[in-house]
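Readers should treat all values here as calculations from the given coordinates under stated rules, not as data from a laboratory. If you're wondering where the values come from, they're calculated on a predicted model, not measured in any experiment. Using ideal geometry, Cβ is built from the backbone for each residue, glycine included, and neighbour counts are taken over all protein chains shown.
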Amino acid sequence: MPYIVEVCCYTIEDVQRAHRAGAGRVELCADRAAGGTTPSYGLIERVVETVPVDVAVMIRPRGGDAIYSGDELAIMQRDIEIAGKLGAEAVVFGILDETAFLDIAPMAELIAVAKKYDMEVTCHRAFDRAREPHRFLEELIKLGVDRLLTSGQKPTGVEGIPLLGELVEIAGDKLSIMPGGGVRGSNFHPLLDLDIKEVHTGSVETIKSTIEPYQTDVFMGRPDHDDNERLVVNEADVALIVKALQEKAKRA
């Protein structure tokens with residue numbers, strides 16, 4: 001298995017920046033404020049066709065908890081099918097039940113759909129809000145999930161290193177543990193002591209709009225959101241993480 005930095009991306013510009021920085025995979029999402037939801041089909045298609053990087057598509061019909069209705073599960077199934085037809089390499093989803101444990105039956109159904117299109121499956125950080133992490137991981141392995149994105153049930157991946165180490169030991173070569181959550185070039189190095197080959201980052205920077213302000217009292221969204229600036233992938237920071245992981249690969 002190759003060493004890979006995965007970057008959370010919300011726009012085609014994000015993907016281009018991540019690729020230039022050396023990322024091996026992008027997690028394609030919409031709605032940054034919600035922690036990522038399913039992106040548009042147009043964005044998936046454009047990325048697959050124009051940027052030579054593996055694409056993992058977030059399959060999440062809304063923000064909030066990971067308990068889904070029958071209608072929402074049907075939407076997720078259709079989104080997985082479309083991601084597969086558009087050429088994505090992976091899909092990302094997680095489903096909990098009301099006890100905050102993995103909801104096995106719908107997870108199995110969605111995994112089966114993904115596998116029809118030869119896509120890998122990542123379970124996202126719903127895991128970090130769940131009970132019994134060791135049991136949860138064992139169930140993911142039984143279901144054939146390829147990868148778990150987790151901060152070790154802590155606010156950041158670095159804080160979660162104790163549990164991450166336990167998860168890596170349990171998973172072995174049956175499932176890849178991919179640390180994420182606040183991973184940046186400045187704090188990443190303690191994670192290198194873990195037996196991992198993948199890391200997830202959402203490193204961003206703010207850039208200002210080049211438009212000359214005119215209607216300053218009119219807002220495209222909430223009034224507390226500045227329409228004259230936006231967040232983009234921090235290319236330089238991602239490159240630092242890529243370099244560090246590549247050095248780890250050389251020592252392996």
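For Arg62 and Lys174 in one chain, what is 0.36 nm times their gap in residues minus the Cα-Cα distance, to one decimal in nm? Please list the in-between numbers first.
Details: separation 112, 0.36 × 112 = 40.32 nm, distance 2.99 nm.
Full extension from Arg62 to Lys174 adds 37.3 nm.
With an 8 Å cut-off on Cα pairs and a minimum separation of 6 or more residues, tell me the relative contact order of the chain in percent.
On the way: 479 pairs, mean separation 46.7, N = 252.
Taking the mean separation of contacting Cα pairs over the length of the chain, I get 19 percent.
Subtracting the Cα-Cα distance from 0.36 nm times the residue separation, let me have the gained length for Arg135 to Ala30 in nm, one decimal.
On the way: separation 105, 0.36 × 105 = 37.80 nm, distance 3.03 nm.
So the chain would gain 34.8 nm between Arg135 and Ala30.
Report the charge-dipole magnitude of the chain in Debye, nearest 20, computed about the Cα centre from +1 at each Lys and Arg Cβ and -1 at each Asp and Glu Cβ.
Values: 28 positive and 42 negative charges, 113 e Å.
Here the size comes out at about 540 debye.
Once Rg and Dmax of the Cα atoms in Å is worked out from the coordinates, which option in (i) 18.0, 57; (ii) 17.9, 61; (iii) 17.1, 51 does it equal?
Looking at Rg and Dmax of the Cα atoms in Å for this model, the match is (i).
Using a Förster distance of 35 angstrom, determine the FRET efficiency expected from the C-beta separation of Thr99 and Glu13, and round it to 0.05. Kindly include the intermediate steps, with their values, before the conclusion.
On the way: r = 41 Å, r/R0 = 1.16.
Plugging the Cβ-Cβ distance into 1/(1 + (r/R0)^6) gives 0.30.
Under 27 Å Cα to Cα from Lys85, which lysines show up? Leave out anything in the same chain fewer than 8 places away.
Partners within reach: Lys115, Lys116, Lys142, Lys174.
Label point 7 Å out from Asp118 along Cα-to-Cβ: which residues of the range 1-24 have amide N under 19 Å?
1-2
Test of understanding: express the Cα radius of gyration of the range 8-128 as a ratio to 2.2 N^0.38 Å, with N the residue count. Each step should come with its number before you reach the end.
Values: Rg = 13.8 Å, N = 121, 2.2 N^0.38 = 13.6 Å.
Scaled against compact globular proteins, the figure is 1.01.
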